[in-house]
Amino acid sequence: MIKRRAFIGGSLALGASACLPPDQSPLGRLTSKLRIIEAAANGTLGAEIFDTATGYSVGLNREARFGHCSSFKLSLAAMVLARAASGSGSLDRRVTWTQADLMGVSPFTTHRLAEGATLGELAEATQKYSDNAAANILLREMGGTAALTGFWRSLGDDESRLDRIEPALNNVPVTELRDTTTPAAMARTVAAIIYGDALPEQERAVLRQWMIDTQTGARRVRAGLPNKWAAGDKTGTSIWPGIGSLYVDIGFVEPDNHPPITFAAYFRARDTHDGIDAASEEALARIGDVIGDFARRDRILPF
């Protein structure tokens, strides 16, 4: 009798839990929107949208690990600026490189092969043009991948790590830990870099403008935002044989009449694409619409 009653009670509890209504809070509704985006895109979506003033956030797969692709270059540029501001480096120091350092997506370093460039110029090219050779040269000059991982740790980011250089860092299967981060960690790292004390005010302003000037994300998150809102980002894309395709966008948004918001968005497609896939970029663009709702949530329904 006891066993039968326990079974009936457990069955009733299971049935009741199955009938529980979905979370109708503002954040619950926004999470549902992210799930709908993921389902429609037929892949895995990782996202974190972070309110820099209140600490409120909404996300999906926010603790899952995703590859950085080229999005690590934002933090690399920030580290170069931070070292110069602290007096442990100089943006005006000129370095040179060889033909062997060049690779795909290296427009600035290819053009400047004969004359070289300053660390400041390389940092700008790394952020704005995603120059792969510039990133590798900066890593070499700054102390390697361990130095960038250490920079993240100094910001309180215990999740992000960089282990390899371009292009090997893009080879990140689902089970790989190297060269990965989580949406939750990276959204807060962007907040620390652009709105925290990771950089002095002047350097923050420089990096913020570089992010605004970056055009590689025009069809991603920024495409879903109102045109009048200031926004900047850094993207990344990996189309590596045998592991599918990964599309990344991290950055900030400054809505009207609302404190700044930072975001980190990752979409892992199941297929390995021949080039940039418009549908995958559209999945990230739809996150821009969710950010808009997140910024207006207190006008719709208070927490």
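Number of residues in region 237-265 that are under 20 Å from Lys33 (Cβ atoms), assigned to a loop (DSSP other than H, G, I, E, B) and modelled with pLDDT of 95 or more: the value is 1. Of the residues in region 56-64, at least one is aromatic (Phe, Trp, Tyr), within 29 Å of Ile261 (Cβ to Cβ), under 24 Å from the mean Cα position of the chain (by Cα) and surrounded by fewer than 23 Cβ atoms within 10 Å (Cβ to Cβ). Of all residues in region 159-184, those that are touching a residue at least 60 places away in the same chain (Cβ under 8 Å) and not in a loop (DSSP other than H, G, I, E, B) total 6. Inside region 140-155, residues that are of a type outside the set (A, V, I, L, M), closer than 14 Å to Lys73 by Cα and under 21 Å from the mean Cα position of the chain (by Cα) make up a count of 5.
The set of residues in region 109-144 being in contact (Cβ under 8 Å) with a residue 40 or more places away in the chain and among the acidic types (Asp, Glu) consists of Glu124, Glu141.
Exactly one residue among Arg268, Arg204, Arg222, Arg286 is assigned to a helix (DSSP H, G or I), surrounded by 18 or more Cβ atoms within 10 Å (Cβ to Cβ), basic (Lys, Arg) and under 14 Å from the mean Cα position of the chain (by Cα), and that residue is Arg222. Meeting the requirement of 3 or more residues that are modelled with pLDDT of 95 or more and aliphatic (A, V, I, L, M), the helices (runs of 4 or more DSSP H) wholly within region 68-152 are 72-86, 119-129, 132-142. Close Cβ contacts (under 8 Å, 6 or more residues apart or on different chains) running from residues in region 52-65 that are in contact (Cβ under 8 Å) with a residue 60 or more places away in the chain to residues that are surrounded by fewer than 12 Cβ atoms within 10 Å (Cβ to Cβ) comprise Tyr56/Phe303; Arg65/Leu177. Given the condition modelled with pLDDT of 95 or more, within 29 Å of Glu203 (Cα to Cα) and not aromatic (Phe, Trp, Tyr), answer yes or no: does some residue in region 39-46 qualify? Checked against the condition, which is being modelled with pLDDT of 95 or more, within 29 Å of Glu203 (Cα to Cα) and not aromatic (Phe, Trp, Tyr), region 39-46 yields no hits at all.
Only residues that are closer than 19 Å to Arg153 by Cα and touching a residue at least 60 places away in the same chain (Cβ under 8 Å) were counted in region 71-108, giving 14. Looking only at region 203-234, residues that are closer than 28 Å to Ser90 by Cα and of a type outside the set (A, V, I, L, M) come to 12 in all. Taken together, Thr126, Thr118 contain a single residue that is surrounded by fewer than 19 Cβ atoms within 10 Å (Cβ to Cβ), more than 27 Å from Thr54 (Cβ to Cβ) and of a type in the set (Ser, Thr, Tyr), which is Thr118. Among the conditions (1) touching a residue at least 40 places away in the same chain (Cβ under 8 Å); (2) under 18 Å from Tyr247 (Cα atoms); (3) among the hydrophobic types (A, V, I, L, M, F, W, C); (4) out of contact with any helix residue (DSSP H, G or I) (no Cβ under 9 Å at 6 or more places or on another chain), the only one that Ala191 does not satisfy is (2). Please work out which residue is nearest to Leu102 (Cα to Cα), limiting yourself to region 129-174 and to residues that are surrounded by fewer than 19 Cβ atoms within 10 Å (Cβ to Cβ) and basic (Lys, Arg). My answer is Arg140.
The values are calculated or read from the model by the stated rules, or taken from the named source; none is laboratory data. A quick note: this is a predicted structure, and the numbers were derived from the prediction, not measured. Note: ideal-geometry Cβ built from the backbone for every residue, glycine included; neighbour counts use all protein chains shown.
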